[in-house]
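**Student:** Structure incoming, see below.
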Amino acid sequence: MAHLDTTTNAGQLLAAASGGRRRRGDRIFSNTAVIAAVTILALLVGVAAFLVAEGFPALTASSADLPNHESFLSYVAPLAFGTVLAGVLAMIVAVPLAVAVALFITHIAPARIAMLLGFFVDLLAAIPSIIYGLWGIFVLGPAAVPAMKWLEEKLGFIPIFEGPASITGRTMLVVGLVLAVMILPIISAVAREVFSQTPRKLQEGAQALGATRWEMIRTTVLPFGRSSVISGAMLGLGRALGETMAVAIILSVSGGVTFNLIGQANPSTIAANIALNFPESSGLAINLLIATGLVLFAITLATNFIARMIIARSEVQ
Amino acid sequence: MTPPPAQAATLSTRSLLSGEGSRGGSLPSWAPWGAFVGALAFCGLVEAALGWFTIALMVVFGALVAILAIYAWSRPIEGARRAKDRAVTMAIVAAFGVAMAPLVSLLYEVLTRGARGISWEFFTSDARGVVGGGGAAHAIVGTLIITACAVVIAVPIGIMAAIYMNEYGRGPLRRALTFFVDVMTGIPSIVAGLFAYALFELFFGPGIRMGIMGSIALTVLMIPIVIRSAEEVLKIVPNHLREASYALGTPKWKTIVKVVLPTAFAGLVTGVMIATARIIGETAPLLVTTGVVDSLNTDPFQGRMQNLAVYAYNEYRSPGVMKQASYDRAWAAALTLIAIVMILNVIARLVYRRYKTEIR
Amino acid sequence: MSSSKWLAVFAAACVLVLGLAACGGGSDTTSGTSGTKESSETESGGGAPSAEVSGEIAGAGSTAQQASQEAWIAEFENANGGATISYDGVGSGGGREQFISGGVAFAGSDTPLSESEGELAKAIKRCEPGELVEVPNYISPIGIVYNLPGVEELKLEPDTLAKIFNQEIEKWNDPEIAKENPGVELPDIRIVPVNRSDESGTTENFTDYLSKVAPKVWTHEVSGEWPVKGGEAASGTSGVIEAVSNGEGAIGYADASQAGELGKALIKVGNTWAEPSAEAAAKVLDLSKEDPELEKGQKNVIAFEIDRKTEASGVYPIILVSSMIGCTKYKSASEAALVKAYFEYAISPDGQKLAAEAAGSAPLSPALTKKVEAAVASIE
């Protein structure tokens, strides 16, 4: 970033030197940008004020007053666990596949097909999430029932496939897969964009040194796209963590904390829990739900913070 | 992507020097396909013998075996590096196939199930005065209006903010913005809806429902996605382009508008499309802000407005006695949503292509 | 380069014009139109209540009622071309809250307004200077649906039912189920009870039934949220039906009209086996007493303490009773006329028949209809 700033300064100096009319144009433009930035901050302050005001009563209420007579922490902990579990599952499946898809499109497929595929992936990234929800409940869930039974029988010794396998297919595993399918095109669209922008010079240089295609990709394309892929993954993770309706429709939520991915009792996620219980709630129960929204904030923030640290470290190298 | 002839010499020299690379031989051109089909057949037979046979398992194991097979085949003939290249290529293609399978299935299901509910009436009439049925024109128009308003508000603000962060920003405001945009990606959609409702309730009193309220709620969800993706593509615009422009004495704002934005245009379009798609299918925030109504309403500033996502959700959730017909309508609404997104995408691309050829 | 100019103009236009217009101009238009909305309400109506009514009112509440509300609205709007009624299925709690805050003209609720959190008092206050109107308008039998291929008829005693949903009986061929179903071949598979994952009036009514008829087994508190952990859960009636249809050995509770191909268990009432039919469900309210605590001396509030423990024959006590909530007086006479006309239609034999066809509900019995009509007639 540092070198960018110096060029920016140089540019400003040059622009400043070349007359007042241009400077006025610059001023208007940069002011517009600042206004946009401030508008967003104002919007967020509004949301934050709303959330804190609505969530506060639940945070301060004694556990006897809360709807389930349990403390806020013990209410939110399984939800937070479920949220993170679903998000992690989705990421484990989606990120490697998304990178592979992007690489296939940018570097392996013939150019003509690649363009079509690129269009297709962009289109998939643009499918609304309620459709993924409907697909999960009507198609993937039922189809996954025999597969989960197989996992229970053959791999039941691994705790995550402990079972007993769900007979309806509304499990954490299916939710993780649906979320993965949902965010895969998003990550892939971002990654594809960056991979295709990898400077040609670098790629040709690597090949000139006798690198095979994979070595070229590993030494030039992946390092160049790394921070953007992480950023795209965060975009996808944000959607996975905050996904409401698809999870609410699909998941069978009736358990506390469990790592069993194929059972019928799964921990709920924060966003789905809000959607499921908000309609019939009133009074303090609503405050409680909104307070769990604050926790989702904290989780998203933490993941983004970690991602930014990883990006910063990779940029230093 | 093949190295130019002048560099071929370097290639072979280096290969010779390092004692690696090609050993002269190479696999026939059908080798990857052969390995894959062979592996598939092998796994199918083994599974059938063990009694585990399912198509999904055969394909998954088949792909794994094929990767190993092509490596083992290529290594003695073409050397370790080419073998590795082949194996990785095979793995990437396999991963691509695995990733596409569910997406193709999804499109197929939406198309076939949605087609059942599609009719002329579905697009041309609303559901006013029809018991259990009617069209979805009111929902389609509502979706277009609500989404368009959200896009009109969110995209300029989002892109300008991204420009600020990438081109101008320094110091506390930029840091605050980065931080808060991260925060914003974590807003659960229903909370955005409640926020918009609370905001309008302040001014218009309780029970207020308007299309524009939904747009505001969606804006809150859309802005961080626009910013994050725009920031990413602005970041990778090569600096030498900016420098060249400055060297010609072009002012900064003109450089951004004429050099940076055009270079990043494709990426910006992708980002805006992703953001639009994310919000066009939102249900929860619209349920509490725009309400549910059977009649057509084209004024976002007055009265309730139906939209496709809520329509689909309602048809799925409260199907009434004629269940199948209701589900068909839900899928038809889903199909219409995809079609809208697809048309928008195509339009954006056409604009881009026309434009791109002109700046060259 | 002309295209670059075009982009520059376009971008600037986007940012400045659209951005500002959307923020600044938006509020102008809004305040202008919200004025016209009110005027459209006052100009409407005016005539005698028996004539066609017009105007716009909104209701919100129970999702259980949604399918029937949609049908009523459709037919009502056909008869009254100038009227637009909307109903948001935001859930009973949301509906009550919006009604109390004055956000909607009427609400649909699966549980009557009660003194918990002071809702009843607040609702009475909201209707001042008029009075509160609360009448049952939607009765629906809750079916115990199961998925057991080959088992055509399943009979369950209340205690057995409670044990199944409490996960105490785990196999279908358990002797306790077998002894009530002689001659039926019950498979040796796991019982998977399916409950609602969202908070709902259906769950509240079902748990209320279980705690009344099987108090020894079912010791959980009556609540809209399912109290037993570890079972299969699905959101909404359609979710439960979907889950039971997909899973062999599953059993769930859901609006009986949605059962489709699924088997519906017969429940022991007194000495007979009752089936979830519309007539059997409607009869329960005739046998039930009105609950003075829920009515709180309001003469236009009709709220029952449902007699779950009835032993009469031909009665099916697992029912959901949902009510419409409104006021006797509104800000304008036309609004009141519209609410009145709509309520009258919904509880009329025609309206109830329509709901039975569209949503599979149980029409109100003639005796109850009379009572409800009197309450609705008090709307001015």
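**Student:** Any residue at all in region A:212-225 that is among the hydroxyl-bearing types (Ser, Thr, Tyr), assigned to a helix (DSSP H, G or I) and in contact (Cβ under 8 Å) with a residue 24 or more places away in the chain?
**Tutor:** Looking through region A:212-225, none of the residues is among the hydroxyl-bearing types (Ser, Thr, Tyr), assigned to a helix (DSSP H, G or I) and in contact (Cβ under 8 Å) with a residue 24 or more places away in the chain.
**Student:** I want to confirm something. Restricting to region B:195-218 and keeping residues that are within 11 Å of chain C (Cβ to nearest Cβ) and among the hydrophobic types (A, V, I, L, M, F, W, C), which single residue is surrounded by the fewest Cβ atoms within 10 Å (Cβ to Cβ)?
**Tutor:** Among those residues, the one meeting the criterion is B:PHE203.
**Student:** If you scan region A:192-211, which residues turn out to be polar (S, T, N, Q) and not in a helix (DSSP H, G or I)?
**Tutor:** Matches in region A:192-211: A:GLN197, A:THR198.
Let's see how each residue does on (1) closer than 30 Å to B:MET213 by Cβ; (2) within 11 Å of chain A (Cβ to nearest Cβ); (3) touching a Lys or Arg at 6+ places or on another chain (Cβ under 7 Å):
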| site | (1), (2), (3) |
| --- | --- |
| B:LEU106 | no, yes, no |
| B:GLU121 | yes, no, no |
| B:THR143 | yes, yes, no |
| B:ALA161 | yes, yes, no |
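**Student:** Test each condition in (1) part of a helix (DSSP H, G or I); (2) facing chain B (nearest Cβ under 8 Å); (3) among the hydrophobic types (A, V, I, L, M, F, W, C) for A:ILE127 and report the one that comes out false.
**Tutor:** Condition (1) is where A:ILE127 drops out.
**Student:** Which is more than 28 Å from the chain's Cα centre (by Cα), closer than 30 Å to C:SER257 by Cβ, crowded, with 24+ Cβ neighbours inside 10 Å and in contact (Cβ under 8 Å) with a residue 60 or more places away in the chain, of B:VAL293, B:VAL310?
**Tutor:** On inspection, the qualifying residue turns out to be B:VAL293.
**Student:** Go through (1) facing another protein chain (nearest Cβ under 9 Å); (2) modelled with pLDDT under 85 and name the single condition B:ARG113 misses.
**Tutor:** (2)
**Student:** So, restricting to helices (runs of 4 or more DSSP H) that lie completely within region C:75-178, which ones have at least 3 residues that are within 28 Å of C:GLY231 (Cβ to Cβ) and among the hydrophobic types (A, V, I, L, M, F, W, C)?
**Tutor:** It comes to C:158-165.
**Student:** Between A:VAL175, A:VAL181, A:VAL139, which is buried (at least 24 other Cβ atoms within 10 Å of the Cβ), touching a helix residue (DSSP H, G or I) at 6+ places or on another chain (Cβ under 6 Å), within 14 Å of chain C (Cβ to nearest Cβ) and part of a helix (DSSP H, G or I)?
**Tutor:** Only one candidate qualifies: A:VAL175.
**Student:** Just one of B:VAL259, B:VAL288 is in a helix (DSSP H, G or I) and surrounded by fewer than 24 Cβ atoms within 10 Å (Cβ to Cβ); which is it?
**Tutor:** The conditions single out B:VAL259.
**Student:** While we're here: Looking only at strands (runs of 3 or more DSSP E) that lie completely in region C:256-353, which have at least 1 residues being in contact (Cβ under 8 Å) with a residue 60 or more places away in the chain, buried (at least 21 other Cβ atoms within 10 Å of the Cβ) and in the same structural domain as C:LEU132 (by TED's automatic domain parsing)?
**Tutor:** Fully inside region C:256-353 and qualifying: C:319-327.
**Student:** With respect to B:THR250, determine if the residue is among the polar types (S, T, N, Q) and surrounded by fewer than 23 Cβ atoms within 10 Å (Cβ to Cβ).
**Tutor:** Yes, satisfied.
Okay, residues lined up against (1) farther than 26 Å from A:TYR132 by Cα; (2) among the aliphatic types (A, V, I, L, M); (3) more than 26 Å from the chain's Cα centre (by Cα):
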{"residue": "B:TYR71", "(1), (2), (3)": "yes, no, yes"}
{"residue": "B:ILE77", "(1), (2), (3)": "yes, yes, yes"}
{"residue": "B:ALA83", "(1), (2), (3)": "yes, yes, yes"}
{"residue": "B:ALA87", "(1), (2), (3)": "yes, yes, yes"}
{"residue": "B:ILE92", "(1), (2), (3)": "no, yes, no"}
{"residue": "B:GLY97", "(1), (2), (3)": "no, no, no"}
{"residue": "B:VAL110", "(1), (2), (3)": "no, yes, no"}
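**Student:** Let me ask you something else. Going by the structure shown, is B:ALA333 touching a residue at least 60 places away in the same chain (Cβ under 8 Å), in a helix (DSSP H, G or I) and either surrounded by fewer than 24 Cβ atoms within 10 Å (Cβ to Cβ) or within 7 Å of another protein chain (Cβ to nearest Cβ) (or both)?
**Tutor:** no
**Student:** Return the pairs, sorted by first residue and then second, in which the second residue is among the polar types (S, T, N, Q) and buried (at least 17 other Cβ atoms within 10 Å of the Cβ), the first residue lies in region B:55-78 and is in contact (Cβ under 8 Å) with a residue 24 or more places away in the chain, the beta carbons are less than 8 Å apart, and the residues are 6+ apart or on different chains.
**Tutor:** B:GLU78/B:SER22
**Student:** So, in region A:216-272, of the ones that are of a type in the set (Val, Ile, Thr) and within 24 Å of A:ARG192 (Cα to Cα), which residue ends up nearest to the other protein chains (Cβ to nearest Cβ)?
**Tutor:** Selected residue: A:ILE217.
**Student:** When you go through (1) surrounded by 20 or more Cβ atoms within 10 Å (Cβ to Cβ); (2) touching a residue at least 12 places away in the same chain (Cβ under 8 Å); (3) of a type in the set (Val, Ile, Thr) one by one for B:VAL88, which number turns out not to apply?
**Tutor:** (2)
**Student:** How many residues are in contact with a Leu (Cβ under 8 Å, 6 or more places away or on another chain), of a type in the set (D, E, K, R) and within 7 Å of chain A (Cβ to nearest Cβ) when one looks only at region C:220-276?
**Tutor:** Residues meeting the conditions: 1.
**Student:** Taking B:ALA284, is it under 23 Å from C:GLY103 (Cβ atoms) and under 21 Å from the mean Cα position of the chain (by Cα)?
**Tutor:** The answer is yes for B:ALA284.
**Student:** Name every residue in region C:79-113 that is at pLDDT 90 or above and among the polar types (S, T, N, Q), in order of residue number.
**Tutor:** Answer for region C:79-113, where residues must be at pLDDT 90 or above and among the polar types (S, T, N, Q): just C:SER109.
The values are calculated or read from the model by the stated rules, or taken from the named source; none is laboratory data. The shown structure was predicted, so the numbers you read here are calculated from the model rather than taken from an experiment. For neighbour counting, all protein chains shown are included, and Cβ atoms are generated from backbone atoms with ideal geometry for every residue, glycine included.
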